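The values are calculated or read from the model by the stated rules, or taken from the named source; none is laboratory data. Please read these numbers as outputs of a predicted model, since none were measured by experiment. For neighbour counting, all protein chains shown are included, and Cβ atoms are generated from backbone atoms with ideal geometry for every residue, glycine included.
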Amino acid sequence: MAAGAASGGSARADTYKDARGWLLLPSWAVLGIFVLGPVCMMLIYSFLTKEFRGGVIWEFSLAAYDQFFFDRGLFGDEPPSIEWTYITIFWRSIWQAGAATLLSLLIGFPTAYFIATRPENVRPVWVFLITIPYWVNLLIRTVSMKFLLRDQGPLNDFLIGTGLIDSPIHIVNTNFAVQLGLFYSYLPFMVLPVYAAVERYNFSLSEAAADLYASKWTTLRRIVLPAVKPGVVAGCILVFVPSMGSFLAPDLLGGAKNFMIGSLIEEQFKGNAGNWPFGAAASMILLTMVLIILMFSARQQAKADKTEG
Amino acid sequence: MKNLLIASAATLALSVAANAAAAEGKLVLYHWFEYMPQEVLDKFTAETGIEVTMDTYDSNESMLATLKAGGMGTYDLAVPGDYMVSIMAGEGLLDTIADGELANKGNIAPEWADPSFDPGRASSIPYQWGSTSFAVNRDAYSGDIQTTDILFNPPAELSGKINMLDSQGEVMAMASLHLGIPQCSADREQLKALNAMLQDAKQHWASFNSDTAKEVLVSGDAAVGQIYDGFAAKAREEGANVEYAYPTQGYVAWMDNVVLLKDAPNRDNALKFMDFLLEPENIAAVTNYAQYNAGVTGVADFLDPALAAQPEKNPHADAGDGVFIEVCDQETQAVYDQIWTNLKK
């Protein structure tokens, strides 16, 4: 985001040569207060000693990271071995978020393509329709989803009514319900960037491909997809990252039986355990992982740009 | 343009002054969800002119976390459960009510006037008390339900249809009763057994949820739900064919209390509200709504007569004892935290 703002501003940079420094102050302040400040605080807290029942004692400690990576048994006095608990939780979150992202892509891409191929004057109406459900609070949407999906809910009633199934399918309190919930929560984050990319796509390229006897599938794969890839990548990141940290869908639709990263961290601050340094450490590890993913995708993008150029 | 500026500045000054005036008649309450009828707050405002703002929480622990993370000085009153009153007192979060500051202190029922979690009622007054056990849908199961086996070792009909409260204290206390071990056990074999028992029981559970503990019973999503007695009564009134159990092994008893917080911004108004809640008529209105029990003498005349006859309020002859949740020391609590994490990993 910061990089985008800087490059957008550079065109006008000469005009404001002298003033440039302090004109950027607001953005630096925003970055400092809302990004750097909280992250630094989290980093510091993760290296402090936990206070019983929440809070921290200002003494340096590696206990939080130790707890994350080493298992010392139920009573904390066995020789350390690798702790799989939290790795399992992280892996589960990655898997759930990945499935939700894939689902969003499968549904979101055709939707975006559909909207982008409508006449220009009706496109805003379609985009508007996509965003309408998202005016409602996320909690309420997640609860409504639960009502729809449950054993005696409309979906199962409908399927039984049409004779497709005899007994209700259990969806609520399964991993699939969590994936559906995450997919539904973040779908517009996929549709909108993909739509923006497809809208800019020059459809005469597709016509040219057809003239050269490319099949529709080949055209999509070799011409359309490479052209809209930045939008797809942005959409995937925008869905994947918040899904990883989400706790509403896992708690409400998954039954809170298995921690995801989000609920694990929430529990450290709101729950009985009240272990702030550990919550901060888990957040830092999550942040590091997300940064690695983002840097990796940025490098891939840069590579792709280079080969194109 | 200049006139407009002056006008808006004047409006701003006026509204600031108005806010300052309102601040004198304010009370900020931090309370459980779905636990305070609006009529009672309206009545208080009508009688005193004090405006009440209420924020809600869904567990004692999240309330404590909010207060410790900078909520002190914002709220005047909170409503912690029994064990949480002692924790908050130990953390120095409570203010002391001096003798004579509460005109109606004498209305507190004698059995609740000197509880172990707040000797002499130094900082608190009773709000409601009741029990936490579980309710079973009688359409799903007709056998004996007066045993903790229903939660931890259920019959096949109920397996996979159980909702547990998403609250470490309540789940651990019930599990300890099931195994017949003390709540803050330091005995390694007992703790290992507790860990193993919960690991095994988890396969029978559909979900952990506190805020929708009642809804899942009413909707039929769960056939068994760990639940508070008043919530079970409400679920029954909303049409679920549920029966509340008093297991022979025992059940969890609790009392919620209104506490005066340290650095309360409206201390005098908070005391007025406490006095207001000690009037039998007012606290009876809360009881009629929440369907638990009041800890104030003389409420009987104001209570809904149907309430006393509720099955949820009347343990059967073979019921075990009700026990309060205990507060463990730091070292023991660390093991219980580990067991809880193991359970939900």
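For region B:213-222, the criterion of being surrounded by fewer than 20 Cβ atoms within 10 Å (Cβ to Cβ), in the same structural domain as B:F152 (by TED's automatic domain parsing) and part of a helix (DSSP H, G or I) is met by at least one residue. Taken together, the residues in region B:244-291 that are among the β-branched types (V, I, T) and in a loop (DSSP other than H, G, I, E, B) amount to 1. Flag: B:V299 matches the condition of being outside the structural domain of B:A201 (by TED's automatic domain parsing) and more than 30 Å from A:T88 (Cα to Cα). Beta carbons closer than 6 Å, at least 6 apart along the sequence or on distinct chains, pair a first residue in region B:53-65 that is within 7 Å of chain A (Cβ to nearest Cβ) and more than 15 Å from B:V171 (Cβ to Cβ) with a second that is of a type in the set (G, A, S) and surrounded by 23 or more Cβ atoms within 10 Å (Cβ to Cβ) for B:A65/A:G54.
Could you say whether any residue in region B:231-240 is touching a residue at least 60 places away in the same chain (Cβ under 8 Å) and part of a loop (DSSP other than H, G, I, E, B)? Yes. Number of residues in region A:140-175 that are aromatic (F, W, Y) and surrounded by fewer than 14 Cβ atoms within 10 Å (Cβ to Cβ): the value is 1.
Residues in region B:184-194 that are of a type outside the set (A, V, I, L, M, F, W, C) and either within 26 Å of the chain's Cα centre (by Cα) or part of a strand (DSSP E or B) (or both): 1 in all.
Being within 14 Å of chain A (Cβ to nearest Cβ) and over 21 Å from the mean Cα position of the chain (by Cα), is that true of even one residue in region B:260-268? Within region B:260-268, none of the residues are within 14 Å of chain A (Cβ to nearest Cβ) and over 21 Å from the mean Cα position of the chain (by Cα).
Quick check on region A:152-159. Is at least one of its residues touching a residue at least 60 places away in the same chain (Cβ under 8 Å) and part of a helix (DSSP H, G or I)? For region A:152-159, residues touching a residue at least 60 places away in the same chain (Cβ under 8 Å) and part of a helix (DSSP H, G or I): absent.
Screening B:P154 on (1) in contact with a strand residue (DSSP E or B) (Cβ under 7 Å, 6 or more places away or on another chain); (2) not in a loop (DSSP other than H, G, I, E, B) shows it passes everything except condition (2). On the basis of being farther than 20 Å from B:D118 by Cβ and either modelled with pLDDT of 95 or more or not assigned by TED's automatic domain parsing to the domain that holds B:Y292 (or both), does B:V79 make the cut? Judged against the criteria, B:V79 is not a match. Scanning region A:231-238 turns up no residue that is within 13 Å of chain B (Cβ to nearest Cβ), among the hydrophobic types (A, V, I, L, M, F, W, C) and touching a Ser or Thr at 6+ places or on another chain (Cβ under 8 Å). Picking from residues in region B:137-189 that are of a type in the set (K, R) and within 14 Å of chain A (Cβ to nearest Cβ), the one that is surrounded by the fewest Cβ atoms within 10 Å (Cβ to Cβ) is B:R188. Among the residues here, A:W95 does not qualify as on the phi < 0 side of the Ramachandran plot, surrounded by 15 or more Cβ atoms within 10 Å (Cβ to Cβ) and without any contact (Cβ under 8 Å) to a residue 24 or more places away in the chain. Scanning region B:290-332 for residues that are of a type in the set (S, T, N, Q) and surrounded by fewer than 19 Cβ atoms within 10 Å (Cβ to Cβ) returns B:T297, B:Q310, B:N314, B:Q330, B:T332. Is it true that A:A100 is more than 11 Å from chain B (Cβ to nearest Cβ), closer than 30 Å to A:Q179 by Cα, small (G, A, S) and not in a loop (DSSP other than H, G, I, E, B)? Answer is yes for this residue. In region B:303-320, the residues that are in contact (Cβ under 8 Å) with a residue 12 or more places away in the chain form Cβ pairs under 7 Å with partners that are among the aromatic types (F, W, Y), at six or more places apart or across chains, as follows: B:P311/B:Y244; B:E312/B:Y244; B:P315/B:Y246; B:H316/B:Y246; B:A319/B:Y246; B:G320/B:Y251. A residue that is in contact with a helix residue (DSSP H, G or I) (Cβ under 9 Å, 6 or more places away or on another chain) and within 14 Å of another protein chain (Cβ to nearest Cβ) occurs somewhere in region B:313-325.
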